[in-house]
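Worksheet: one structure, shown below.
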Amino acid sequence: MENLLKVKDIVNGIANNLDTHDYLSFRQINKEVHDVQLSNDIDSKIWCNKLLLMGLSKTETPNSPPPIEDDGVKEANQTDIIDLFGTYKYFNESNAKEIYSIYYRTFNPLVTKLLNNNYSHFFPQQYEDDPLNQAKILKYIRIYNKSCSVCESSKFRKVETNLNILKEIFINSILHEMEINYTTENFEKAGYFMEILLLCHEETNAVEFFNSKVEFPDINKIPFPSMSELLKENEGTDSYKPELDWSILDSLIFIPYRDFLNDKVILIDTLFKDHYPVVLQFIENFIQQTLLRTIDQLFTEIDEDNYLFLNFFPQIYFKVINRLCDELNDSMNGGPKFHIAVKKFFDVYLEPQILNYLTLFPNYYSEFLNKEFKKYQQEIESNEVEQNKEILNSIRIQNEDLLQNEDSDNTNTNKIDFLTSFTKIFKLSNNSRIHQQNTQEQLNLAYNLNLISKNLQNIKDLISLPLCYKIFEFTREKIEDIYRFMVIETLVKTINLKCQEIFKHLLNQLSINHIKPAFEKAISLLSEYNPNDLKSIEINVKISSKVQPLVQFTELINIGDIILQMISIFYKNELLAKKILDKNKDFLNDVIQCKKSFENIVDDYVADGLNIGINKLMDEIVFLFQTVQLADDFNPVTPVMDIKPTKCAIQVVELLNNHSFLLNGATDKGTIDVYQQEIGERFFNEVVKNIKRNMISTDGAATMICDLNYYYKFMAYKLKQKNIVPLFVALKNIGQLYLISGKDSKELGRMICDVGKFNGIFSQEEVYEFVQRRSDWLRVKRDVEKVMYGLGMKDCIIM
Amino acid sequence: MNNEDYGYDYDYLFKIVLIGDSGVGKSNLLSRFTTNEFNIESKSTIGVEFATRTIEVEGKKIKAQIWDTAGQERYRAITSAYYRGAVGALIVYDISKSSTYENCNHWLTELKENADDNVAVGLIGNKSDLAHLRAVPTDEAKNFALENQLLFTETSALNSENVDQAFRELITAIYQMVSKHQVDLGDSNTSGATAPKGPTISLTPAPNENKKSSSNNCC
């Protein structure tokens, strides 16, 4: 048998399976075992293993000084059991045995007690009344016991079992103590026991204890107000800005909830301190069990047609955040990022509600706008009916005498005609009408003209700037509300899309239900208007005011332009500035397309209206040329004494002057230029026609030149459209054709060939046509034509 | 006999032409005289412009109908039309630009060729405010005027200097000639001898004047 001890593996095997005490004896069995089989190296390895099993760290560098001085080891005997693991965290091969012996001396007696089920006065005397350190000692025993887990497994397991029994008894007594202290509201003390519990890794027990003590507010006990109670009525019935009585919700829900949470935050801090995170879990439970159900109740039970939800959800959401997150106390248990974490919970749990709002709101918004615009439309229409009645009455009062002479029965039936048939009037030709008119028809006409004149004056009311402004403001606020959700990163994309959708609704509603009907009405009124009808009224009628159709229409253009600008500003400040839209990235985005097409719609209406307006203006000018320009203006019977513009020219220029600058300040320069150039060009054509309509003598030529100078002055110094001025320079030169004496007929012929004289504006044929309007044409014709044709084109002298 | 009876607010109407090179300031002289305005950025005249002003000479209201010409008209037929019926003319040059003065001879010749023999003519050296740039000595122009029996004034349309005076002198000269002429006319008529030479119609007496003279004749 003795030879067995010579076998190294056997000796090692035995040594590895012996408990500490037996191993020490076994190593002493003989010299060979002590010096060879269990040499210092092997011995030290065995101690090292035990320490490693206890979780201590081995320092490898052999040259480095051992972490514990010899003196330190000797003094270790005095080291308190509580401090041991803190003091000896490291070892190396040379001091492993010494360090293990320190732990052994301290813990082996306790282990022995456990093995013997000897629990009385189990803890060292100084810790008899110190459950916190007792908990630590229990923890240390378990750690120490691990050093035996390999070599003496049965003993190890027995110790574990008994330790568990002891710990259970210990925990129960701690829970008991905690209960007593919590019930007597000695929360500090309860917190002390909670710390012990957590030290024992009894987190589940700890949280369960807390949860069993907390009662969430009872939703069923909240007396939810009715919808009408909740809405503030005293602010007037502004459908754009309904207001909630927040004090009701505050006192019923938000303040009690906030106080409840703050109360618990303090309690959790007292009980758990920062030992174990509980507060976030608690708040999550609160959101799930209380808040979500409260909000649900709010929006389902008292809300009618989702009104509260669609009008107030963002405010309510941010009220929740404000009261139940921002106003929460700091929490030691929650750590420095407590509020951020709480906010995240709200965002996560309320996200479905937010998404629901984002889905429903744009359509609701669109419907709302639709209603508002329609309401305005109806107002205008009823005003118009009202006004028409007034016009009818005032005309009847003014002409009562006339009406009495008429057949009275007839009058009554015709009364209805007043309101229904004014289109007929305009189909009658100007000349025939005056003769046909009996008094009744005159009245009819007067009524209808008054009507149109009044309606023209109302054109600018067809688009309501105040209404548009209100709607823009409303939209801005709503987008702002939605934009506040941007802080929730997961929603950014959806929010951008929804804001874009709202903007598109704004443009669509504005264009379909406001701009379009307004411009269409205005344009139809413009085209019905005939200035000459006003002049044919003979009876006793006060025409409401001098109607200048373009004046009225340009006011509409002005308003339209303001709205376009409002949209641009809105687009820039709300969509671009808030990065709801990236101009560079999203240039194909349908929002931009939508905005462009809106602008195009307005531009088209403006162009159509202006075109009609210019037509009307030209009609008036032609009317003046036909009625005020007299035959002897340019072909006087007696020599002209006083050379000055004709009455006709003065009136025509006044008309031009009154209309050419109406757009200034109302729209962009491009439109103004087009408008003014169109007027200039069309007026030029009318002047040409007017010259050709008249006979001009050399005496009358000065007067005509005077008129042409007068037109030129207006074009060159007032209208200032560069490409129009040359037309009137050419006209000035045409005027000279009539000044030339009949004796100089040959030179007249040469001038006709000199196209350069007329800036290339008029062809030779046209100049020839002009010359034919000379009153002495028949006398000079031969000479002129001789120059023109007799010499041939090549012979014409270009001077 | 009252002028208003006939709807005229003047006793005589004189046609006066403004001639001279382009850019010498004819249009501004005219606007200074008729409306007391000066336009520093005025564009060059195209064709012909008209302006009138009525002044009183020896108790008579005289309406001056002034034709402001472009100064670069190429067609003789047109210039001839300008001069037709003119009883007075102002030939304008720029004292700071000798070429415009040198051309006065040409303008005088053209005037003589086209206008009535009795036309009263004034020579105007305009832009006298540009004294530091003077290129035409006053004496030289004065002598030229003397030789050709022209009135002479240096003016500044810019600061109004002598503008009124220049026009007044011309109008007065025309008036004196007309009233003398009318006496001649009256004499010749009573004698029933030679008809007056030259286009007297261009002297355009107002209708009341005609009437006056005819009534004189009768009684």
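The values are calculated or read from the model by the stated rules, or taken from the named source; none is laboratory data. This structure is a prediction, so every number in the text was calculated from the model and none was measured. As a convention, Cβ positions derive from the backbone with ideal geometry for all residues, glycine included, and neighbour counts pool all protein chains shown.
Determine the pairs where a residue that is in the same structural domain as A:PHE210 (by TED's automatic domain parsing) and closer than 23 Å to A:THR270 by Cβ, located within the range A:315-341, has a partner that is of a type in the set (Ser, Thr, Tyr) and in a loop (DSSP other than H, G, I, E, B) with Cβ atoms under 9 Å apart, the partner being 6 or more residues away or on another chain.
A:ASN333/A:TYR276; A:PHE338/A:SER331; A:HIS339/A:SER331
Could you check the range A:80-110 and list, in sequence order, the residues that are touching a Leu at 6+ places or on another chain (Cβ under 9 Å) and either basic (Lys, Arg) or over 19 Å from A:ASN49 (Cα atoms) (or both)?
If the condition is that a residue be touching a Leu at 6+ places or on another chain (Cβ under 9 Å) and either basic (Lys, Arg) or over 19 Å from A:ASN49 (Cα atoms) (or both), then A:ILE81, A:LYS89 are the ones that fit.
Please tell me if A:ASN162 is of a type in the set (S, T, N, Q), at pLDDT 90 or above and closer than 30 Å to A:MET54 by Cα.
Details: of a type in the set (S, T, N, Q): yes; at pLDDT 90 or above: no; closer than 30 Å to A:MET54 by Cα: yes.
Answer is no for this residue.
Yes/no matrix, rows are residues, columns are (1) touching a Pro at 6+ places or on another chain (Cβ under 6 Å); (2) more than 14 Å from chain B (Cβ to nearest Cβ); (3) of a type in the set (Phe, Trp, Tyr); (4) closer than 12 Å to A:PHE634 by Cα:
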{"site": "A:GLY670", "(1), (2), (3), (4)": "no, yes, no, no"}
{"site": "A:GLU678", "(1), (2), (3), (4)": "no, yes, no, no"}
{"site": "A:MET695", "(1), (2), (3), (4)": "no, yes, no, yes"}
{"site": "A:TYR710", "(1), (2), (3), (4)": "yes, no, yes, no"}
{"site": "A:LYS718", "(1), (2), (3), (4)": "no, no, no, no"}
{"site": "A:ILE724", "(1), (2), (3), (4)": "no, yes, no, no"}
{"site": "A:LYS732", "(1), (2), (3), (4)": "no, no, no, no"}
{"site": "A:LEU739", "(1), (2), (3), (4)": "no, no, no, yes"}
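Looking only at the range A:655-673, which residues are out of contact with any Leu (no Cβ under 6 Å at 6 or more places or on another chain), modelled with pLDDT under 90 and not β-branched (Val, Ile, Thr)?
Pass one, the range A:655-673, residues out of contact with any Leu (no Cβ under 6 Å at 6 or more places or on another chain): A:655-658, A:661, A:663-671, A:673.
If we keep only those that are modelled with pLDDT under 90 too, we end up with A:655, A:657-658, A:661, A:663-671.
Passing the criteria: A:LEU655, A:ASN657, A:ASN658, A:PHE661, A:LEU663, A:ASN664, A:GLY665, A:ALA666, A:ASP668, A:LYS669, A:GLY670.
Could you pull out the residue among A:VAL73, A:VAL111, A:VAL150 that is modelled with pLDDT under 85, under 20 Å from A:ASN17 (Cα atoms) and among the aliphatic types (A, V, I, L, M)? Spell out the reasoning first.
Numbers: A:VAL73 fails: under 20 Å from A:ASN17 (Cα atoms); A:VAL111 fails: modelled with pLDDT under 85.
Unique residue meeting the criteria: A:VAL150.
If you scan the range A:697-708, which residues turn out to be more than 10 Å from chain B (Cβ to nearest Cβ) and more than 13 Å from B:ALA81 (Cα to Cα)?
A:MET704, A:ASP707
Rundown of residues vs (1) modelled with pLDDT of 90 or more; (2) in a loop (DSSP other than H, G, I, E, B); (3) within 22 Å of B:GLU41 (Cα to Cα), yes/no style:
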residue	(1), (2), (3)
A:TYR711	yes, no, yes
A:PHE714	yes, no, yes
A:ASN723	yes, yes, yes
A:LEU731	yes, no, no
A:GLN736	yes, no, no
A:GLY749	no, no, no
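Please identify the pairs in which a residue from the range A:579-608 that is surrounded by fewer than 16 Cβ atoms within 10 Å (Cβ to Cβ) has its Cβ atom under 9 Å from the Cβ atom of a residue that is part of a helix (DSSP H, G or I) and charged (D, E, K, R), counting only partners at least 6 apart or on another chain.
Listed by first residue and then by second, the contacts come to A:ASP590/A:LYS504.
Sort out which residues of the range A:503-543 are at pLDDT 85 or above, under 24 Å from A:TYR447 (Cβ atoms) and surrounded by fewer than 16 Cβ atoms within 10 Å (Cβ to Cβ), and write them in order of number.
If the condition is that a residue be at pLDDT 85 or above, under 24 Å from A:TYR447 (Cβ atoms) and surrounded by fewer than 16 Cβ atoms within 10 Å (Cβ to Cβ), then A:GLU520, A:SER524 are the ones that fit.
Considering every residue within the range A:605-623, establish whether at least one is modelled with pLDDT under 90, touching a helix residue (DSSP H, G or I) at 6+ places or on another chain (Cβ under 7 Å) and outside any helix (DSSP H, G or I).
No, that holds for no residue.
Please tell me if B:ALA51 is closer than 22 Å to B:LYS15 by Cα, small (Gly, Ala, Ser) and out of contact with any Ser or Thr (no Cβ under 7 Å at 6 or more places or on another chain).
On the way: closer than 22 Å to B:LYS15 by Cα: yes; small (Gly, Ala, Ser): yes; out of contact with any Ser or Thr (no Cβ under 7 Å at 6 or more places or on another chain): no.
So B:ALA51 does not fit the description; no.
Looking at the range A:296-322, which of its residues are within 25 Å of the chain's Cα centre (by Cα) and charged (D, E, K, R)?
Of the range A:296-322, the ones within 25 Å of the chain's Cα centre (by Cα) are A:299, A:305-322.
Those that are within 25 Å of the chain's Cα centre (by Cα) and charged (D, E, K, R): A:ASP305, A:LYS319.
Could you check A:ILE137 against (1) outside any helix (DSSP H, G or I); (2) assigned by TED's automatic domain parsing to the domain that holds A:TYR104 and say which number it fails?
That leaves (1) as the condition not met.
Looking only at helices (runs of 4 or more DSSP H) that fall completely inside the range B:38-152, which ones have 2 or more residues that are of a type in the set (Ser, Thr, Tyr) and more than 14 Å from every other protein chain (Cβ to nearest Cβ)?
Values: elements: B:76-83, B:98-102, B:104-114, B:138-147.
It comes to B:98-102.
Within the range A:93-118, which residues are surrounded by fewer than 20 Cβ atoms within 10 Å (Cβ to Cβ) and within 12 Å of A:SER57 (Cα to Cα)?
Result: A:GLU93, single match.
Restricting attention to the range A:758-774, does a residue exist that is outside any loop (DSSP other than H, G, I, E, B) and within 9 Å of chain B (Cβ to nearest Cβ)?
Looking only at the range A:758-774, we keep the residues that are outside any loop (DSSP other than H, G, I, E, B), and these are A:758, A:764-771, A:774.
Then drop every residue that is not within 9 Å of chain B (Cβ to nearest Cβ), which leaves none.
Checked against the condition, which is being outside any loop (DSSP other than H, G, I, E, B) and within 9 Å of chain B (Cβ to nearest Cβ), the range A:758-774 yields no hits at all.
Condition check ((1) modelled with pLDDT of 85 or more; (2) more than 22 Å from the chain's Cα centre (by Cα)) across all residues:
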{"residue": "A:GLU351", "(1), (2)": "yes, no"}
{"residue": "A:ILE354", "(1), (2)": "yes, no"}
{"residue": "A:ASN363", "(1), (2)": "yes, no"}
{"residue": "A:LEU369", "(1), (2)": "yes, no"}
{"residue": "A:ILE380", "(1), (2)": "yes, yes"}
{"residue": "A:GLU400", "(1), (2)": "no, yes"}
{"residue": "A:THR411", "(1), (2)": "no, yes"}
{"residue": "A:ASP417", "(1), (2)": "no, yes"}
{"residue": "A:SER429", "(1), (2)": "no, yes"}
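In the range A:637-668, what residues are assigned to a loop (DSSP other than H, G, I, E, B), crowded, with 17+ Cβ neighbours inside 10 Å and within 14 Å of chain B (Cβ to nearest Cβ)? Spell out the reasoning first.
From the range A:637-668, those assigned to a loop (DSSP other than H, G, I, E, B) are A:637-646, A:661-668; that's our starting set.
Those left that are additionally crowded, with 17+ Cβ neighbours inside 10 Å: A:640, A:643-646, A:662-663, A:666-667.
Within the range A:637-668, A:VAL640, A:ILE643, A:LYS644, A:PRO645, A:THR646 qualify.
When the residues of the range A:1-38 are filtered to those that are part of a loop (DSSP other than H, G, I, E, B) and loosely packed, with under 14 Cβ neighbours inside 10 Å, which remaining residue is modelled with the lowest pLDDT? Spell out the reasoning first.
Of the residues in the range A:1-38, the ones part of a loop (DSSP other than H, G, I, E, B) are A:1, A:7, A:18-19, A:28-30, A:38.
Filter once more, so that each one left must be loosely packed, with under 14 Cβ neighbours inside 10 Å: A:1, A:7, A:19, A:28, A:30.
Values: A:MET1: 61, A:VAL7: 81, A:ASP19: 81, A:GLN28: 83, A:ASN30: 81.
Taking the candidates together, the pick is A:MET1.
Please determine whether any residue of the range A:108-121 is assigned to a helix (DSSP H, G or I) and of a type in the set (Gly, Ala, Ser). Spell out how you get there, then give the answer.
Our first condition is that a residue be assigned to a helix (DSSP H, G or I); within the range A:108-121, this holds for A:108-115.
Imposing the further condition that a residue be of a type in the set (Gly, Ala, Ser) reduces the set to none.
Within the range A:108-121, not a single residue is assigned to a helix (DSSP H, G or I) and of a type in the set (Gly, Ala, Ser).
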